[in-house]
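Peer 1: Just passing along the structure, written as C-alpha cells.
Each reported figure results from applying straightforward, stated rules to the coordinates on display, with no laboratory input. Note that the structure is predicted; figures quoted are calculated from it, not measured. Quick reminder, even Gly has a Cβ in these numbers, built from the backbone with ideal geometry, and neighbours come from all protein chains shown.
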Amino acid sequence: MLSLQLLGALSSAALLVSASPLFPRTCPTTGATMDLPADQTKLVNPNAAPKFILLGAGVQNYSCSAATSTYASIGAVASLFDISCQQKSPAFANIQDAAFDILEAAPADASVDAIGRQVGAPELMGYHYFVSFGTGISPKWDFTSTGSHKGDASAYVIGAKDGNISSPNDPKTDVDWLVLHGVEGSLAAQMFRVDTVGGQPPSSCTPGSDPISVKYTAKYYLY
Ligand SMILES: *[C@@H]1O[C@H](CO)[C@@H](O)[C@H](O)[C@H]1NC(C)=O
Ligand SMILES: *[C@@H]1O[C@H](CO)[C@@H](O)[C@H](O)[C@H]1NC(C)=O
C-alpha cells in the first residue's frame, strides 16, 4: 500500500514536472558577468546572475528611407541558442565570431537553427523577432515554440530600449550593444545585446530600393 502511494506521489510529481517546465535545461550562471567596455555607464552588469545566456544568429532588416537615402531598421529575426554551458570554456569569448563565420558562408536560404550545433551549443531555446507593439514594432524573445520552455505561454518577453553604445570592436560593421527592459511577458525583466558581429547596413541607399537583410550574431544576456 505504502509503495503504491509512493508510486502515485512519484508519478504525479513527474507529471507536474513535465507539465510545467519552469526551469530551462541549462548550466548554472552564478558569477557570470558581461564583458562591458569600461569607458561608459549605459550598460552595467546587474547585481544578479543572468537567467539566460544566449547566442543569437540571424539577420537585421532595413528599408531605405527616401528622405535621407539611408537605411532604417525594420526589425530582425534570429535563432537563440543556450550558451550557459559554454560560459566557462575558452571558446565562449569568441563563440559569436565562430557562429558568424558559419552564417556568412551559408547560403541565404540555409536554416539558421543548425548553427548552434556547429559551435557546440545545440540547444535551440527560441527565437528573436519583432512584433507590432503600441505605435511601432518592438523586439521579442520567444521561447514558447521550441526548447525546454516549449508550450509555456508566458515564456516570452517584449522589450523597450533603455540605452545603446557603439560596438567597441567595429562600430561600422557591428550593430550597437543594447540594454532593454521587459514591457510584456515573464521571461526576463532586463535584456542585453552584446558582443555583436555584423548587422550594420551600408551607409547609404538608393530611395525605392528593396529592403535588405544583413547577417549578424550576438550574445543576449537575459536577467
Ligand atoms: C527579415 O528578413 C527575413 C528574410 O531575410 C524575413 O524572413 C523576415 O520575416 C524579416 N523580418 C522582418 C521583421 O522584417
Ligand atoms: C544609439 O542609437 C541611436 C539611434 O539608433 C543613435 O542615433 C546613436 O548614435 C546611438 N548611440 C551610440 C552611442 O551608439
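Peer 1: Classify the chain as rounded, prolate or oblate, taking a ≥ b ≥ c as the square roots of the eigenvalues of its Cα gyration tensor: rounded when a/c is under 1.5, otherwise prolate if a/b is larger than b/c and oblate if not.
Peer 2: It comes out prolate by the Cα gyration axes.
Peer 1: Can you list residues whose amide H is under 5 Å from residue 216's amide H, if they're 5+ apart or on another chain and H is modeled 1.01 Å from N?
Peer 2: Distant-sequence amide H within range of residue 216: 58, 59, 60.
Peer 1: To the nearest µm²/s, what D does Stokes-Einstein give for the range 52-181 at 25 °C and 0.890 mPa s, using the Kirkwood radius over alpha carbon pairs as Rh?
Peer 2: It diffuses with D of about 153 µm²/s by this estimate.
Peer 1: For a test of the definition: using alpha carbon positions, the gyration tensor, and the 1.5 limit on a/c, classify the range 114-176 as rounded, prolate or oblate.
Peer 2: The shape class here is oblate.
Peer 1: Relative contact order of the range 50-222: what whole-number percent is it, with Cα pairs under 8 angstrom and at least 6 residues apart?
Peer 2: Relative contact order comes out at 29 percent.
Peer 1: Please check which bits of the range 140-177 a label hung off residue 70 would reach, taking the label as a point 7 Å along Cα-to-C-beta and the cut-off as backbone N under 20 Å.
Peer 2: 161-177
Peer 1: Using θ = phi - 60° and the Karplus form 6.51 cos²θ - 1.76 cosθ + 1.60, what ³J(HN,Hα) does each residue of the range 173-178 get, whole Hz, x for Gly and Pro?
Peer 2: Calculated HN-Hα couplings, in order: 9, 9, 5, 3, 8, 10 Hz.
Peer 1: Pick from 190, 40, 96: which is most flexible by mean-square fluctuation in a GNM of the chain where alpha carbon atoms under 10 Å apart are linked?
Peer 2: 40
Peer 1: So the label point goes 7 Å from the Cα of residue 212 along Cα→C-beta, right? Which residues of the range 28-67 then have their backbone N under 12 Å from it?
Peer 2: Answer for this model: 60-65.
Peer 1: Kindly express, to the nearest 10 degrees and within the range 0 to 90, the angle between helix 95-105's C-alpha long axis and the longest C-alpha principal axis of the chain.
Peer 2: Tilt of helix 95-105: around 60 degrees.
Peer 1: Also: Connecting C-alpha atoms closer than 10 Å in a GNM of the chain, tell me which of 167, 79, 69 has the biggest fluctuation.
Peer 2: Top of the fluctuation ranking is 69.
Peer 1: Here's another thing I want to ask about it. Quick one: helix 2-19 against the long Cα principal axis of the chain, what's the angle to the nearest 10°, folded into 0 to 90?
Peer 2: 10 degrees
Peer 1: Going by Cα centres, the range 134-155 and the range 58-89 are how many Å apart?
Peer 2: 16 Å
Peer 1: Can you pull out the trypsin sites (Lys or Arg not before Pro) in the range 142-209 that DSSP calls coil and that have at most 11 other Cβ atoms within 10 Å?
Peer 2: The qualifying sites are 172.
Peer 1: Most mobile of 51, 140, 88 per a Gaussian network model of the chain (Cα springs, under 10 Å)?
Peer 2: Highest fluctuation among the options: 88.
Peer 1: So if each residue of separation counts as 0.36 nm, and I subtract the Cα-Cα distance between residue 87 and residue 101, what length gain in nm does that give?
Peer 2: Roughly 3.1 nm would be gained on extension.
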